[in-house]
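Take a look at the structure set out below.
The values are calculated or read from the model by the stated rules, or taken from the named source; none is laboratory data. In this text the structure is predicted, and so the values were computed from the model without any measurement. For neighbour counting, all protein chains shown are included, and Cβ atoms are generated from backbone atoms with ideal geometry for every residue, glycine included.
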Number of protein chains: 4
Amino acid sequence: MRYLVSHPQVQLGTCLANQQAGEEIAHVYPSLLGRVTGQFEKANYGVLGKEHDVVFLCLPHGQSQGPVEELISTGCKVVDLGADFRFADAEAYRKTYGESHQCPELLGKAVYGMPEMNRASIASAQLIANPGCYPTASLLALLPLIKTQGLDSTVIVDAKSGVSGAGRSAKISSLYCEVNESIKAYGVGEHRHGPEIEQFARQPVLFTPHLIPMTRGILATVYIQKDPEELKALYTEFYSEEPFVSVLDSGLPSTRSVAGTNRCHLAVCPAHHSGYTIVVSAIDNLGKGAAGTAVHNLNLLFQLPEETGLESLALAP
Amino acid sequence: MRYLVSHPQVQLGTCLANQQAGEEIAHVYPSLLGRVTGQFEKANYGVLGKEHDVVFLCLPHGQSQGPVEELISTGCKVVDLGADFRFADAEAYRKTYGESHQCPELLGKAVYGMPEMNRASIASAQLIANPGCYPTASLLALLPLIKTQGLDSTVIVDAKSGVSGAGRSAKISSLYCEVNESIKAYGVGEHRHGPEIEQFARQPVLFTPHLIPMTRGILATVYIQKDPEELKALYTEFYSEEPFVSVLDSGLPSTRSVAGTNRCHLAVCPAHHSGYTIVVSAIDNLGKGAAGTAVHNLNLLFQLPEETGLESLALAP
Amino acid sequence: MRYLVSHPQVQLGTCLANQQAGEEIAHVYPSLLGRVTGQFEKANYGVLGKEHDVVFLCLPHGQSQGPVEELISTGCKVVDLGADFRFADAEAYRKTYGESHQCPELLGKAVYGMPEMNRASIASAQLIANPGCYPTASLLALLPLIKTQGLDSTVIVDAKSGVSGAGRSAKISSLYCEVNESIKAYGVGEHRHGPEIEQFARQPVLFTPHLIPMTRGILATVYIQKDPEELKALYTEFYSEEPFVSVLDSGLPSTRSVAGTNRCHLAVCPAHHSGYTIVVSAIDNLGKGAAGTAVHNLNLLFQLPEETGLESLALAP
Amino acid sequence: MRYLVSHPQVQLGTCLANQQAGEEIAHVYPSLLGRVTGQFEKANYGVLGKEHDVVFLCLPHGQSQGPVEELISTGCKVVDLGADFRFADAEAYRKTYGESHQCPELLGKAVYGMPEMNRASIASAQLIANPGCYPTASLLALLPLIKTQGLDSTVIVDAKSGVSGAGRSAKISSLYCEVNESIKAYGVGEHRHGPEIEQFARQPVLFTPHLIPMTRGILATVYIQKDPEELKALYTEFYSEEPFVSVLDSGLPSTRSVAGTNRCHLAVCPAHHSGYTIVVSAIDNLGKGAAGTAVHNLNLLFQLPEETGLESLALAP
């Protein structure tokens, strides 16, 4: 909503909520005070789709499939920020999420909404599967290779995320006192974003997520068996025209330099031993890793300049 | 710089720095990567004033006086974010900062740059003394009283600030490990923002600042011997047309709802005992408490709509 | 449990839990790995009281009354860390907690377990009402006055607490992302610890709690209309023999210097205006403000040296 | 000092400091108030060595060599927490630290002070080279393999540290506002702890350190091309008698469960793809990663029970 409120070509329509339906939006989110009026409403997707040009869905996995079917049938465009349409293959979805897909016929219509990967097909799609936060950070660190020579060995992605990645539900594991002054790995060897990355990497990916004591941001440290000099040149060239991805000339990225924005900072570094490259990728998991890319996809869907509404800079230098 | 880069009526001119002169701006502040090019430069105020319509100064106390004299003589407008021109009276300055003022004749020209207090005189001024961060939070919690019936007894201001208020110099007391997981009071009974507040309160103000483990934000809790019902009505009316100050209908303000913005959230609450009102005021010390108000003053100085370039919302709800 | 495991005169008995009954203690609290074996058990207070010399209760308000009745009848000693026995007067309890007290006849048996206030009567009691965390910090800043000349005007207590004060239940307001990088006041004019403080202050107390982004610690800033010189001498003398309370010669207390300990650091400071004293008090809300004092009371109840098991120092300097 | 003050067999002798010589110890470190009296003193190593049984040195790299020579000649034992005696080979030291070693003849006398690796030789040594914090976390995750079958391929160590690892000097990069709400990698491919680990791993180690927003703790995530089932059994057996290292049956380690202690928690996990094991290792960089191991070495040097003075548990569960 923060992005949409500031987007000059967007008129904010109905704001949906489940548990908070009926509450004043600005009471639930006081940062919107004076900018957004009205209440959250319960969803009626059949009606909604007719009244809006595009609907953003932010639902837990398994819950977007019905709504997407309804919305798509009205002709409305959909950007789904959930996981349900990220796999091209229904079987891959079932293996990863443990449930059969309810509308596998729509998987072929969905475009994986990473603009740097699929710019042209996004522009002509009706249904966008917005990428996961970890896959965004990880794939941007691999994309120049994937799109050119391909990967030829196992890749290690050691990723660190702020707590907002866990959503806003009341869980003990997300309590301040559980997270503060600590770091842990979680979902080692079994996190669902591993297969999402592998779908595009086409090589084994050892993906290990960690929870660190901050609100926003993901840093992915990616270990690749390739020559660093060659990769630095390749990455710099590949991203030279991208509006939101920067390969740093020198220095290493920090998440705080991209927090609150739709930007990604990358560094391509030689490891201590020859033959390995370490690519470090920093994004805001809620920005470039979710809502920012959703707005980027909106701009592509409606042929707007790509940076529209996405100009904000990080608060921290 | 973050505000100015996004301001549609501003063309960013020379960026000054002392120790970092000669360095690439986007290297020092990677969040500006792709938006700002060029290097920091050493100041030559005589030349600068001729080439720019307005100069913002962000210097330690005692160091703005010479530059302001030079700049003013060129006809340029100046917004001084430092402390040197905040007191109308040179003697008050000397008592508070321990040094004589070098250009007391300019004090009369300076307007205290709090728009809610001095909107009209700011618009016609050449020299603006941007308020201190603590005085902004504190005075906004007192202004409706000051401007109407006045205060008639000692006021207690218990204020809590994030660490960015201490600036970016390398001091042990600002190290992560000194500040994290701790709170302390400091400057009890002797902080320089006490007299700055009293200059307008015209009553004794017991001002106690505290350092808390966060980057941005000030919360001031202000204890006033007045009837809370009456004050709530007064404050709500007083601020009803102000673009950046909201008196909350219900609930209590959090600094995170205004972080990164030029906004102030106020709550006017009854105390446990009759006859006392507790006003709670939340701002971003670097936004409404410094750079945001400086841009607000810029808009007033150049007759621009007051909210121009100040629309950003807090990242956190 | 951390304190008890390290106490040389204590043998840890049954560990009770409600929701986590049946789980391995060291699985729930991995910090106890290798030091505590066994599982949490459901409570049977009648049996428990016969098998143990002392039972510590840590229950939500309103839930200790039945267990205390059962335990007391077995002859066992009880340290209740909850709120149910902190008021000497059943009517004060009802007004503050909104429910009638179920065993008002036991209120007279209960001793308010602040050793600095009630050392002798604690030693001979069977039932100890361990003080609240905010009242501990606040009353230690007032006790020398209360015990000698008394207070003669309204006192303002502006208190700031880490998040552990809210307990470990899964509430949205205690989530990392809600608390981090923010400060807010809460319960203004209506927090239940206000009347608990007033019970001993015998003057109106304006008590305002704030939530700050840290795990442990309370800092109370207390405004008193008294001469600071006189108070500094009084406080220094009053606490000169206390093992756990220090009046600082110079400097101001930080919560991190007492975190994890049973200590309180106090500073007695002149305000900016004559006639006011500002006392700043720092404790660990879970240490001196809860478990530490409970162990201190245990030592008094069993005539052990008062510092036994309470020697630990803060991790942070 | 915190550990030594609580150690029942230690009498704290002279406390050295450079910049803070002459200051009251308890004024510099208020957490020691009431437990430590006296002032910091300037070092005279020739005298010191005669008056003390053991001296702990905590000096920047390159600065321990002279003091160690002087101390050793007096017959005193030395635990050097700095880097100067960690390499057995003077040339490896020179390559890593960029300076020639001044007393290479002492390198043969020094024992690398990791008790789990060198228990027996520590007990009979005069000079202990206490391991670096990152090497402690990393080597404990590799030691069972190193000591048995050896490593046979490149190992990746992705390590994350709290800020206290950077020491207490006033650097901009350690300021609260630079570190808070951010993560970054640093020293990629060139950190000096890489060669320290490789000295024992005898295989290439890709070591990447990261700075995360917390005070204490290191988590090392170690990627090994070995069968996870086999490694889990090996590690569990190898550490079964170690007093300070636990291989978790289930779950994953958090740094907060070992913060403030001399303990290490390890998990041995299968990766998403067969043939890889991920070992996660959590320590307190200032505890097991520095002062805790120094005290452990003291216990070994003087034939005291190994856990003496090291019983403290983490504050957080």
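Which residues, counting only those in region C:231-251, are crowded, with 19+ Cβ neighbours inside 10 Å and touching a Gly at 6+ places or on another chain (Cβ under 9 Å)?
C:PHE244, C:SER246 - these are the residues of region C:231-251 that are crowded, with 19+ Cβ neighbours inside 10 Å and touching a Gly at 6+ places or on another chain (Cβ under 9 Å).
Tell me whether region D:305-313 contains one or more residues that are of a type in the set (Asp, Glu), within 14 Å of chain A (Cβ to nearest Cβ) and either more than 25 Å from D:CYS58 (Cα to Cα) or in contact (Cβ under 8 Å) with a residue 24 or more places away in the chain (or both).
Among the residues of region D:305-313, not one is of a type in the set (Asp, Glu), within 14 Å of chain A (Cβ to nearest Cβ) and either more than 25 Å from D:CYS58 (Cα to Cα) or in contact (Cβ under 8 Å) with a residue 24 or more places away in the chain (or both), which makes the answer no.
Tell me, please, whether a residue that is in contact with a His (Cβ under 8 Å, 6 or more places away or on another chain) and in the same structural domain as A:ALA88 (by TED's automatic domain parsing) can be found in region A:147-155.
So far as region A:147-155 goes, no, none of its residues is in contact with a His (Cβ under 8 Å, 6 or more places away or on another chain) and in the same structural domain as A:ALA88 (by TED's automatic domain parsing).
Please count how many residues of region A:232-258 are touching a Phe, Trp or Tyr at 6+ places or on another chain (Cβ under 7 Å) and more than 8 Å from every other protein chain (Cβ to nearest Cβ).
The number of residues fulfilling the criteria is 2.
Looking at B:THR261, B:THR293, which is the one that is in the same structural domain as B:VAL163 (by TED's automatic domain parsing), β-branched (Val, Ile, Thr), touching a residue at least 12 places away in the same chain (Cβ under 8 Å) and in contact with a Gly (Cβ under 8 Å, 6 or more places away or on another chain)?
On the way: B:THR293 fails: in the same structural domain as B:VAL163 (by TED's automatic domain parsing).
B:THR261 is the lone residue from the list that is in the same structural domain as B:VAL163 (by TED's automatic domain parsing), β-branched (Val, Ile, Thr), touching a residue at least 12 places away in the same chain (Cβ under 8 Å) and in contact with a Gly (Cβ under 8 Å, 6 or more places away or on another chain).
Read through the list (1) in contact with an Asp or Glu (Cβ under 9 Å, 6 or more places away or on another chain); (2) under 29 Å from B:ALA314 (Cα atoms); (3) among the polar types (S, T, N, Q), then give the number of the only condition that A:GLN303 fails.
Among (1) in contact with an Asp or Glu (Cβ under 9 Å, 6 or more places away or on another chain); (2) under 29 Å from B:ALA314 (Cα atoms); (3) among the polar types (S, T, N, Q), A:GLN303 violates only (1).
Of all residues in region C:210-231, how many are hydrophobic (A, V, I, L, M, F, W, C) and within 8 Å of chain B (Cβ to nearest Cβ)?
Number satisfying all stated conditions: 3.
Every residue in region D:130-178 that is charged (D, E, K, R) and either under 19 Å from D:TYR235 (Cβ atoms) or free of Cβ contacts under 8 Å to residues at least 24 places away in the same chain (or both), please.
Answer for region D:130-178, where residues must be charged (D, E, K, R) and either under 19 Å from D:TYR235 (Cβ atoms) or free of Cβ contacts under 8 Å to residues at least 24 places away in the same chain (or both): D:LYS147, D:ASP152, D:ASP158, D:ARG168, D:LYS171, D:GLU178.
Please verify whether B:LEU206 is within 7 Å of another protein chain (Cβ to nearest Cβ), within 19 Å of B:VAL280 (Cα to Cα), surrounded by fewer than 24 Cβ atoms within 10 Å (Cβ to Cβ) and aliphatic (A, V, I, L, M), treating the condition exactly as stated.
yes
Do we find that B:THR255 is of a type in the set (S, T, N, Q), out of contact with any His (no Cβ under 8 Å at 6 or more places or on another chain) and within 26 Å of C:LEU252 (Cβ to Cβ) in this structure?
Yes; evaluated as a whole, the condition is true for this residue.
Give region B:1-41 a look and list any residue that's among the β-branched types (Val, Ile, Thr), facing chain A (nearest Cβ under 9 Å) and more than 20 Å from B:LEU310 (Cβ to Cβ), or say none.
Across region B:1-41, the qualifying residue is only B:VAL28.
Pull up region D:78-112, narrow it to residues that are aromatic (Phe, Trp, Tyr) and part of a loop (DSSP other than H, G, I, E, B), then point me to the one that is nearest to D:ASN130 (Cα to Cα). Talk me through it step by step, then tell me what you get.
First pass over region D:78-112, keeping only residues aromatic (Phe, Trp, Tyr): D:85, D:87, D:93, D:97, D:112.
Filter once more, so that each one left must be part of a loop (DSSP other than H, G, I, E, B): D:85, D:87.
Details: D:PHE85: 8, D:PHE87: 11 Å.
Top of the filtered list is D:PHE85.
Are any residues in region A:166-182 more than 9 Å from chain D (Cβ to nearest Cβ) and either in a loop (DSSP other than H, G, I, E, B) or out of contact with any Phe, Trp or Tyr (no Cβ under 8 Å at 6 or more places or on another chain) (or both), and if so, which ones?
A:ALA166, A:GLY167, A:ARG168, A:SER169, A:ALA170, A:LYS171, A:ILE172, A:SER173
For region A:9-19, does any single residue satisfy the condition of being part of a loop (DSSP other than H, G, I, E, B) and in contact (Cβ under 8 Å) with a residue 60 or more places away in the chain?
Just the residues of region A:9-19 that are part of a loop (DSSP other than H, G, I, E, B), to begin with: A:9-15, A:17-19.
Retained after the next criterion (residues that are in contact (Cβ under 8 Å) with a residue 60 or more places away in the chain): A:9-10.
Yes: region A:9-19 contains one or more residues that are part of a loop (DSSP other than H, G, I, E, B) and in contact (Cβ under 8 Å) with a residue 60 or more places away in the chain.
Quick one: is C:LYS232 within 24 Å of C:SER257 (Cβ to Cβ) and among the basic types (Lys, Arg)?
Taking the combined requirement at face value, the residue satisfies it.
Across region D:30-50, what is the total count of residues that are within 15 Å of C:VAL247 (Cα to Cα), within 24 Å of the chain's Cα centre (by Cα) and of a type outside the set (Gly, Ala, Ser)?
Within region D:30-50, the first condition is being within 15 Å of C:VAL247 (Cα to Cα), and the residues that meet it are D:30-35.
If we keep only those that are within 24 Å of the chain's Cα centre (by Cα) too, we end up with D:31-32.
From what is left, the residues that are of a type outside the set (Gly, Ala, Ser) are D:32.
Summing the residues that are within 15 Å of C:VAL247 (Cα to Cα), within 24 Å of the chain's Cα centre (by Cα) and of a type outside the set (Gly, Ala, Ser) in region D:30-50 gives 1.
Tell me which residues, restricted to region D:214-234, are more than 20 Å from the chain's Cα centre (by Cα) and not small (Gly, Ala, Ser).
Scanning region D:214-234 gives D:TYR223, D:ILE224, D:GLN225, D:LYS226, D:ASP227, D:PRO228, D:GLU229, D:GLU230, D:LEU231, D:LYS232, D:LEU234.
Scan (1) farther than 27 Å from A:HIS7 by Cα; (2) touching a Ser or Thr at 6+ places or on another chain (Cβ under 6 Å) for the single condition A:ASP249 breaks and write down its number.
(2)
For region B:183-195, does any single residue satisfy the condition of being under 17 Å from the mean Cα position of the chain (by Cα) and either surrounded by 24 or more Cβ atoms within 10 Å (Cβ to Cβ) or within 7 Å of another protein chain (Cβ to nearest Cβ) (or both)?
For region B:183-195, residues under 17 Å from the mean Cα position of the chain (by Cα) and either surrounded by 24 or more Cβ atoms within 10 Å (Cβ to Cβ) or within 7 Å of another protein chain (Cβ to nearest Cβ) (or both): present.
Counting just the residues of region D:113-124 that are in a loop (DSSP other than H, G, I, E, B) and in contact (Cβ under 8 Å) with a residue 40 or more places away in the chain, which one comes out farthest from D:ALA137 (Cα to Cα)?
So the first thing to find is which residues in region D:113-124 are in a loop (DSSP other than H, G, I, E, B), and the list is D:113-114, D:124.
Remaining after also requiring in contact (Cβ under 8 Å) with a residue 40 or more places away in the chain: D:113-114.
On the way: D:GLY113: 14, D:MET114: 11 Å.
Checked region D:113-124; the qualifying residue farthest from D:ALA137 (Cα to Cα) is D:GLY113.
So which residues in region D:138-165 are polar (S, T, N, Q), more than 8 Å from every other protein chain (Cβ to nearest Cβ) and either surrounded by fewer than 22 Cβ atoms within 10 Å (Cβ to Cβ) or in a helix (DSSP H, G or I) (or both), if there are any at all?
Result: D:SER138, D:THR148, D:GLN149, D:SER153.
I'm told C:LYS77 meets every condition in (1) within 14 Å of chain D (Cβ to nearest Cβ); (2) touching a residue at least 60 places away in the same chain (Cβ under 8 Å) except one. Can you identify the failing condition by its number?
Unmet condition: (1).
For (1) more than 20 Å from C:GLN9 (Cα to Cα); (2) of a type in the set (Phe, Trp, Tyr), each residue gets a yes or a no:
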{"site": "C:SER31", "(1), (2)": "yes, no"}
{"site": "C:GLU51", "(1), (2)": "no, no"}
{"site": "C:PHE56", "(1), (2)": "no, yes"}
{"site": "C:HIS61", "(1), (2)": "yes, no"}
{"site": "C:CYS76", "(1), (2)": "no, no"}
{"site": "C:GLU99", "(1), (2)": "yes, no"}
{"site": "C:LEU106", "(1), (2)": "yes, no"}
{"site": "C:ALA110", "(1), (2)": "yes, no"}
{"site": "C:MET117", "(1), (2)": "yes, no"}
